[in-house]
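The values are calculated or read from the model by the stated rules, or taken from the named source; none is laboratory data. Note that the structure is predicted; figures quoted are calculated from it, not measured. Glycine gets a Cβ as well: all are built from the backbone with ideal geometry, and neighbour counts include every protein chain shown.
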Amino acid sequence: MPYLLRHPLLALGRWYVRYLPGTFGHVALVNRLLHKGLWRHPYIGRTRIRTGERFHVDTTDLIQQYLHAFGVWEPHLAGYLRGRLGPDDVFVDIGANCGAVAIPAAGLVGPLGRVVAIEASPDFCLALMANAELNGLANIRTVNVAVSDRAQELTLYLKTSGNLGATSIIRPESVEREFRVPARPLAELLTEQEIAAVRVIKVDVEGAEGKVLAGLLPLLPCMRDDVEIVIEISPDRLAAQGQSVAVIDPLLATGFHPYRLVNDCRAQSYPAAVRSQPAPPMRWRQPTAELTEQCDLVFSRIDADFLTPAGAGASVRAGHPSRSIPPARAAAVPHRRSEPREEGAAPPGPPGPRTG
């Protein structure tokens with residue numbers, strides 16, 4: 001039976017919040033009906049996001065629920081990327097999950113650009129590949145490893161299947177699932193051409209920022225002058241490893257300036273966020289020690305109060321250093337293009353529980 005007939009209030013409430021202009025009544029619907037309702041009575045199928053791409057979703061997972069209910073994940077990050085990525089650019093997504101950011105980015109860089117989507121979880125990586133295939137994207141290269149400062153094996157922990165994106169190297173008090181994954185430094189995962197052409201690197205690794213940055217820093221002299229790095233900083237998870245937000249200080253020492261990007265993951269914030277202009281990243285001028293809550297930081301060599309949109313394809317390549325680049329030593333899994341499946345077909349190897 002179609003979801004509309006099984007759960008008409010949820011289906012109509014989602015339509016009202018997603019498509020009706022304005023925000024009247026949207027927050028109340030989200031708080032009282034949609035957020036919990038889509039978790040208790042999950043929609044499992046395909047959905048189309050605001051930029052036109054389609055996704056396999058199971059709304060028991062937070063990110064997939066937001067893609068279905070609001071048509072976007074992290075609207076301010078999405079807006080920032082629209083102002084930065086253009087045709088022929090390279091975008092590296094470290095912690096790509098199901099492709100909520102990587103799939104739309106593939107449309108921004110075009111067929112001659114490249115998205116390198118790196119995801120440690122085998123289940124997420126399968127879901128990411130299925131979503132790339134669903135959209136007929138041939139410019140996404142998926143890599144199923146964790147990113148670290150050296151070659152090693154890491155244990156990842158999942159606290160709850162209600163938020164699969166919170167899988168972390170930090171062991172929580174309660175563990176629903178744990179698994180071992182190989183880890184490699186970024187130099188072993190990217191080709192020379194990708195390192196030289198990358199415009200934006202996104203890092204969302206739930207507490208492993210220090211390890212990722214340690215492997216990334218040696219590559220900076222080989223990258224474009226206008227490369228920018230977006231990092232989700234998790235002070236609590238860093239502290240659990242005996243680290244602090246000071247792991248970002250080496251970036252500042254190499255000429256990058258920090259900008260804070262709005263990242264409000266509360267469901268009630270989304271109706272207004274998706275109907276307004278994304279907030280530009282704002283310069284963070286306080287000491288890094290004052291970053292005490294999880295947040296998104298953009299690191300750019302631009303010295304300003306705000307990072308305004310650079311325009312499609314804008315770049316600053318003058319004076320780009322020409323130095324030897326460490327060769328990529330680990331083979332990645334290329335995406336293979338194929339025809340989309342019929343609507344309603346389940347994705348291969350989807351993450352999370354499948355109920356209802």
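Structure data summary
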| item | result |
| --- | --- |
| Segment 42-62: number of residues that are at pLDDT 95 or above and within 17 Å of the chain's Cα centre (by Cα) | 8 |
| Any hit, segment 78-94, residues being within 19 Å of VAL17 (Cβ to Cβ), surrounded by fewer than 24 Cβ atoms within 10 Å (Cβ to Cβ) and not basic (Lys, Arg) | yes |
| Complete set of residues in segment 243-263 that are touching a residue at least 40 places away in the same chain (Cβ under 8 Å), within 22 Å of PHE306 (Cβ to Cβ) and part of a loop (DSSP other than H, G, I, E, B) | GLY255, PHE256, VAL262, ASN263 |
| Which numbered condition LEU12 misses (of (1) of a type outside the set (D, E, K, R); (2) under 29 Å from GLY136 (Cβ atoms); (3) part of a helix (DSSP H, G or I)) | (2) |
| Within segment 104-118, tally of residues that are crowded, with 22+ Cβ neighbours inside 10 Å and either in a helix (DSSP H, G or I) or among the aromatic types (Phe, Trp, Tyr) (or both) | 5 |
| Complete set of residues in segment 269-325 that are outside any loop (DSSP other than H, G, I, E, B), at pLDDT below 90 and surrounded by 15 or more Cβ atoms within 10 Å (Cβ to Cβ) | THR288 |
| Residues being part of a loop (DSSP other than H, G, I, E, B) and either of a type in the set (Phe, Trp, Tyr) or crowded, with 16+ Cβ neighbours inside 10 Å (or both) - total across segment 207-242 | 7 |
| Wholly enclosed strands (runs of 3 or more DSSP E) of segment 24-103 bearing at least 3 residues touching a residue at least 24 places away in the same chain (Cβ under 8 Å) and over 21 Å from PRO8 (Cβ atoms) | 54-58, 90-94 |
